[in-house]
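Presented below is the structure to which this report refers.
Laboratory data are not the source of any read-out in this text; all were calculated from the coordinates shown. All figures in this text were calculated on a predicted structure; none of them were measured in a lab. A quick note on method: Cβ atoms are made from the backbone with ideal geometry, for glycine too, and the neighbour counts reach across all protein chains shown.
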Amino acid sequence: MKIDIIGSVASGKTTLARKISQKYKVPYYEKDNVVWERTPSGDRKRTSDERDSFFNRIISGDDWIVEGSPRKCLKESFVCCDYIVVLDEKTSVRLFRVFKRWIKQRTGKEPYNTKPTLTFLKYNIKWVFEFNDMKKNLLRELNSFGEKVKIFHNSGEAWKFILSTYSGLSNFPKI
């Protein structure tokens, strides 16, 4: 199983990746954590060589799930994955989730990688709309990958696709 899940901020990528990972015992990786090294003293952006080396180790494995917002880098997984799952959730739902997540993180009810400041909230809102602006070009680029591209309007649809596609694969080795 090799799956790349892409979509906007708050489209459900991480939740879906985690759910698939738990069901099939396949490791999942957040592309943000490929770009950023998380340390107790704060985040450090990896050099392009470090990032590429780390990502290539992930996608050279037998089974993996990677998820993240579309980036100019980290597209090597498109070539070697089984499916590129595009989560194209409604803008209103994504905006609601951005605010909900921010409030949960501010009140300590949800962990975070980046401190939930007002500035970070503004960036997340900006990224929701940037995805809408770049979606047409993204889908045109993904056309070259043919049938491996699967577009869903919510993570529930994607989950049903994964279950039906990998129905006989529930015996993956444990992580």
Burial-style ranking of 5-13, 28-36, 137-145, average other-beta-carbon count within 10 Å with highest first, yields 5-13, 28-36, 137-145
Pick from 111, 27, 70: which is most flexible by mean-square fluctuation in a GNM of the chain where alpha carbon atoms under 10 Å apart are linked?
111
Under a crude label model (7 Å from the Cα following the beta-carbon direction), how far is residue 164 from residue 49 in nanometres?
4.7 nm
Unsatisfied cross-links (Cα-Cα over 24 Å) in the set 19/136; 45/72; 109/150; 115/148; 31/100; 13/150:
19/136; 109/150; 115/148
With the cut-off at 1.5 for a/c, could you classify the stretch 124-168 from its C-alpha gyration tensor as rounded, prolate or oblate?
oblate
Treating only the Cβ of Lys, Arg, Asp and Glu as charged (+1, +1, -1, -1), what charge dipole size does the stretch 85-175 show about its Cα centre? Round to the nearest 20 debye.
460 debye
Projected onto the charge dipole of the stretch 1-126 (unit charges on the beta-carbon of Lys, Arg, Asp and Glu, signs +1, +1, -1, -1), the Cα from 7, 114, 78 with the largest positive-side position is that of 114
For the chain, with only Lys/Arg (+1) and Asp/Glu (-1) charged at the beta-carbon, what is the dipole magnitude about the Cα centre, in debye rounded to 20?
740 debye
Could you give the nm distance between label points at residue 153 and residue 110, where each point is 7 Å from its Cα heading toward the beta carbon?
2.4 nm
Over all distinct alpha-carbon pairs, what is the Kirkwood Rh of the stretch 39-152 in angstrom?
16.5 Å
Antiparallel DSSP beta bridges within the stretch 21-175, percent to nearest 5
35 percent
Can you give me the convex hull volume of the Cα atoms of the stretch 1-84, divided per residue and expressed in Å³?
101 Å³
Taking amide H positions as placed in the peptide plane 1.01 Å from N, state which residues far from residue 5 in sequence (5 or more) or on other chains have amide H under 5 Å from it.
66, 67, 68, 85
